[in-house]
Amino acid sequence: MNTTDVIEPADAGRASAGSLPPSSQAGDRGAEASTGRRVIATLERYALVLLLILLVIVFSVLPATSDTFPTLANLRNIAANESVVAIAALGALVPLVAHQFDVSVGATLGLAAIAAAELTTRGGFALAPALLVGALVGLAIGTVNGTLIARFGANSLVITLGMATLVGGIGAWWSRNDTILGVPEWLTTFGNTNWLGVPKPVWLLIAVALLVTYLLRFTVFGRQLLSIGSNPEAARLVGMPVTRCVLIAFAISGAIAAVAGLLLLARTGGATAGVGDGYTLPALAAVFLGSTTIRPGRFTVAGTLVGVFFVAVSVNGLTLAGAADWVEPVFNGAAVVIAVTASAILVRRRGGTQS
Amino acid sequence: MAERTPDTTAGAATRRPAGDAPGLAVRNLSKTFPGMRALRDVSFDVGRGEIHALLGGNGSGKSTLIKVLAGVHQGDPGGTVAVGGQRVESDAITPTWAQAAGIAFVHQDLGLFAPQTVAENLFCGQPYPRRLGRIDWRALRADARATLERLHVAVDPDTLVGDLRPADATLVAIARALRGRDDVHGGLLVLDEPTARLPQAQVDELLAALTRYAAAGQSILYVSHRLDEVLSFAHRVTVLRDGELVESRAVAGLEQAALARTIVGRAIAQAPSRPTRATEGEAPVLELRGVAGGPLAGVDLALAPREVVGVAGLVGSGRTSLLENVFGVRRPTAGEVLLEGRPLPPGDIAGAIARGLAYVPEDRARASAFGNLGLPENLSAADPAAYQVGGWFRQARERSDAVRAIADYAIRTPAVDARLAQLSGGNQQKVIVARWLRREPKALLLDEPTQGVDVGARAEIYAQIDAAVAQGAAVLLVSSDLEELLHLADRVVVLARGRVAATGTREQVDREWLIDHVYETSQEETRS
């Protein structure tokens, strides 16, 4: 290192313009820099997955839960129960890819359940048309959300929050604030039996997950949503139908939330006003948790499923270990706050400026 | 280390008063990021009262150097930085030290608040004067007025910043940076691309103001890509390449071509003196008939195949509106646009693209870049449907096309799947242009395609434009860079008051013609 007292004049001895060696190291800088970064990036990608595996191992060997947690019955129970949240989360995922919130998924699934329950019991409908109406209720709510947000540029968070409250009120009126029981047995059987050793609700979840994966990854529509989420103005200026895409995203979200509601009805055999509201936050928590893993910074189907089961396994294990009821809301709330923060950090780092 | 004194005679500028401490003395400054040396043993001086241009391509280390001066990044141990006699080890610079030593920064985006007044902006981030617990608006205004007067900024403190002309806004940002100093022109003023967004007339105005500040003793370090401007206005230049200092010398005797070679490290292609490529008598590809709307008052224009038409004009003359009305971003209030003789549906971007139009907007970050998406997604953004085959989006095919585009257009990227934001500005712009070229557009609309792009990347973007022309495209090029217009255009039209005020062929147009016509028309404007 040069520590002499007399520092060379800055320009002395420097080559003059034109007689300079060509630059040689510009190209291999990136390669050098990325070796260490790649290790960190891989850890970052699979941190939540590893954490989920770790949790399963811990609850399987922990004396307090080793008898109850790693049983087939308990694991099937988690999977079947969480299918409702997971399907709702996959619904909310679709508009979130375009950076639009749908916080009405819980209320929508609640109203769809009430609609189907009401029509099959007091309405005299057969099961299939009643389920169809339930699904159409969700599609209609989503379409209204999408129209207000996409066409008029209203804020998605506020519109869907208002819609959630409105839909909840309609549910209370339709159900006369009562629990509707006595839905056809075929439905409850579907909700509580296995096929090939796997609960039937999980098969439904797999079907929905494949459908959403197809939509987001293997259609132009999915690419358009991703582009809108990245830069809506740039998406418009390359000719993408921004309004139509956002509208359709909300319609899909509503329809998928309704499927979650029908599954809830199948699981519990009844519908009650207000029951759906509890699903919104866990669903969004799962999507945001999922955006920190597998493809950090992006909302994905695989990430969302990891997110759902990460929260579910944690809460289930803690409950079996004897934790009190308040653990679940605290855990869910913490998961949202931490996941959204982590997701925001990732997004900022990725959209961020280079030096 | 205390006995080490910076050699103030190094590279002495004749204008500098003898015996005075230099405005800035950087010695042996290095900066290492994990796995990458961004700066390597850089030493140079900025004399007191000197305007010193910092030049270099994207990734040369300019931004890193400025961030080290600001205390945003810490330099490696072993270097020193001195400002007006206050010296500090390069790994000990903090934002607080930078401020105390009197380094003021004005960034390219200025960081002003458009809906607030000039006075409010000047006090932004600092305590407002108070009286009886309330804001003393009168004292605020008086202080603001005094600050503006000391810097000869002819702006009313009650004006909203959003209403200022760009050059005045820049001066207000400078005034904010220098406000509150005892010696208003002490310390060092660092400007990042202060002229990049200014129309030519206001560039001269801003540079005149900076020259006046320098004459009063202000040391100025400024980053620019505009070499003609540097040569006519700076006293000294320092050129960085790949983190190393290539040259630090007086401007006198320096030629633009030589300077460009120093920055790039290789000779850049000279403007080819080629004949007009468009053939006389061929049916126009793109035709505008009486297009009006916004600032446009009825524009008629026809572009032949393989013709590059440059659009010059002052800000507000309707240059950007012209492109937006053609592409369908805006719907013209009158007139029509024809592509290959058939009218384009007004206000229909997707329809215009389907017919073969392409548009590279001015503001990349806002209007064309998908920063957090990868290069394949960015390159296919204008025609994703091309990859939907048999109900499935073919990502593998999209990626292999991206690999080819990266090679074809010399896009420098750490990886094929790198996010666009990871690339330098020039390479991002190459991606945006490549996005359209793969569609083989019939007409290409470009709005300031090389703004803020370094010399090397600029040459490559010009090559892309040439490739589009070779494919048969007509190009409508809006640029406030006169050299660029002279280099690329077969024909230049000057817009004023929303109309075509002058047209010149490649043979007629030169620097003087452009300056004459852009300014003559604007004088008429003020007279009328």
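Here are some notes:
- Top-ranked residue of region B:239-261 - restricted to ones that are within 16 Å of B:LYS62 (Cα to Cα), at the interface with chain A (Cβ under 8 Å from one of its Cβ atoms) and not hydrophobic (A, V, I, L, M, F, W, C), ranked as surrounded by the most Cβ atoms within 10 Å (Cβ to Cβ): B:SER248
- A:GLY182 vs. criteria crowded, with 21+ Cβ neighbours inside 10 Å, within 21 Å of A:GLY261 (Cβ to Cβ) and touching a Ser or Thr at 6+ places or on another chain (Cβ under 9 Å): no
- The numbered conditions (1) within 18 Å of A:LYS200 (Cβ to Cβ); (2) surrounded by 24 or more Cβ atoms within 10 Å (Cβ to Cβ) are all true for A:ALA73 except (2).
- Qualifying residue in region B:384-404 (condition: under 20 Å from B:LEU446 (Cα atoms) and of a type outside the set (Phe, Trp, Tyr)): no
- Members of region B:85-104 found to be among the hydroxyl-bearing types (Ser, Thr, Tyr) and out of contact with any Leu (no Cβ under 9 Å at 6 or more places or on another chain), listed by number: B:THR94, B:THR96
- Residues of region B:125-138 that turn out to be modelled with pLDDT under 85 and either closer than 23 Å to B:LEU221 by Cα or loosely packed, with under 14 Cβ neighbours inside 10 Å (or both), as a count: 7
- Set B:ALA415, B:ALA468: member being within 11 Å of another protein chain (Cβ to nearest Cβ) and either more than 30 Å from B:ALA489 (Cβ to Cβ) or not in a loop (DSSP other than H, G, I, E, B) (or both): B:ALA415
- Residue in region B:284-291 that is under 20 Å from B:ILE465 (Cβ atoms), part of a loop (DSSP other than H, G, I, E, B) and modelled with pLDDT under 95 present: yes
- Unmet criterion (only one of (1) surrounded by fewer than 18 Cβ atoms within 10 Å (Cβ to Cβ); (2) away from chain A (no Cβ under 14 Å); (3) in contact (Cβ under 8 Å) with a residue 24 or more places away in the chain) for B:HIS107: (2)
- Applying the set (1) under 21 Å from A:VAL97 (Cβ atoms); (2) surrounded by fewer than 19 Cβ atoms within 10 Å (Cβ to Cβ) to B:LEU420 leaves exactly one unmet item: (2).
- Residue within region A:234-255 that is at the interface with chain B (Cβ under 10 Å from one of its Cβ atoms), under 18 Å from A:THR300 (Cα atoms), assigned to a helix (DSSP H, G or I) and not polar (S, T, N, Q) present: no
- Condition met for B:ARG141 (modelled with pLDDT of 85 or more, under 27 Å from B:VAL203 (Cβ atoms), surrounded by 14 or more Cβ atoms within 10 Å (Cβ to Cβ) and touching a Pro at 6+ places or on another chain (Cβ under 8 Å)): no
Matching residues to (1) surrounded by 19 or more Cβ atoms within 10 Å (Cβ to Cβ); (2) in contact with a helix residue (DSSP H, G or I) (Cβ under 9 Å, 6 or more places away or on another chain); (3) more than 23 Å from B:GLN86 (Cβ to Cβ):
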| residue | (1), (2), (3) |
| --- | --- |
| B:ALA154 | no, yes, yes |
| B:PRO194 | yes, yes, yes |
| B:TYR213 | yes, yes, no |
| B:LEU227 | yes, yes, yes |
| B:LEU231 | no, yes, yes |
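- The number of residues in region A:196-222 being assigned to a helix (DSSP H, G or I), under 28 Å from B:LEU373 (Cα atoms) and of a type outside the set (A, V, I, L, M) comes to 6.
- Taken together, B:ARG404, B:ARG435 contain a single residue that is part of a helix (DSSP H, G or I), over 21 Å from the mean Cα position of the chain (by Cα), over 28 Å from B:LEU240 (Cβ atoms) and within 12 Å of another protein chain (Cβ to nearest Cβ), which is B:ARG435.
- Counting only residues that are more than 14 Å from every other protein chain (Cβ to nearest Cβ), β-branched (Val, Ile, Thr) and closer than 15 Å to B:LEU445 by Cβ, region B:302-351 holds 4 of them.
- Test set (1) of a type outside the set (D, E, K, R); (2) more than 27 Å from A:PRO296 (Cβ to Cβ); (3) within 14 Å of chain A (Cβ to nearest Cβ); (4) surrounded by fewer than 22 Cβ atoms within 10 Å (Cβ to Cβ) - B:TYR359 fails condition number: (4)
- Within region B:50-104, the set of residues being more than 11 Å from every other protein chain (Cβ to nearest Cβ), part of a helix (DSSP H, G or I) and of a type in the set (Ser, Thr, Tyr) comprises B:SER90, B:THR96.
- Candidate set from region A:185-231 (those that are closer than 23 Å to A:PHE125 by Cβ and either within 14 Å of chain B (Cβ to nearest Cβ) or loosely packed, with under 15 Cβ neighbours inside 10 Å (or both)); member that is modelled with the lowest pLDDT: A:GLU185
- Restricting region B:54-78 to residues that are farther than 28 Å from B:ILE411 by Cβ and surrounded by 24 or more Cβ atoms within 10 Å (Cβ to Cβ) leaves a set whose member that is farthest from the chain's Cα centre (by Cα) is B:GLY75.
- Of all residues in region B:387-397 being in a helix (DSSP H, G or I) and within 9 Å of chain A (Cβ to nearest Cβ), the one that is surrounded by the most Cβ atoms within 10 Å (Cβ to Cβ): B:TYR387
- Filtered residue count, region A:167-182, keeping only those that are closer than 21 Å to A:ILE141 by Cβ and either among the β-branched types (Val, Ile, Thr) or touching a residue at least 12 places away in the same chain (Cβ under 8 Å) (or both): 9
- The condition of being within 18 Å of A:GLY261 (Cα to Cα), at pLDDT 95 or above and either surrounded by 24 or more Cβ atoms within 10 Å (Cβ to Cβ) or of a type outside the set (Phe, Trp, Tyr) (or both) holds for A:VAL105.
The values are calculated or read from the model by the stated rules, or taken from the named source; none is laboratory data. What you see is a predicted model; the values in this text were computed from it and never measured. Counting neighbours? That spans all protein chains shown, and the Cβs are built from the backbone with ideal geometry, glycine included.
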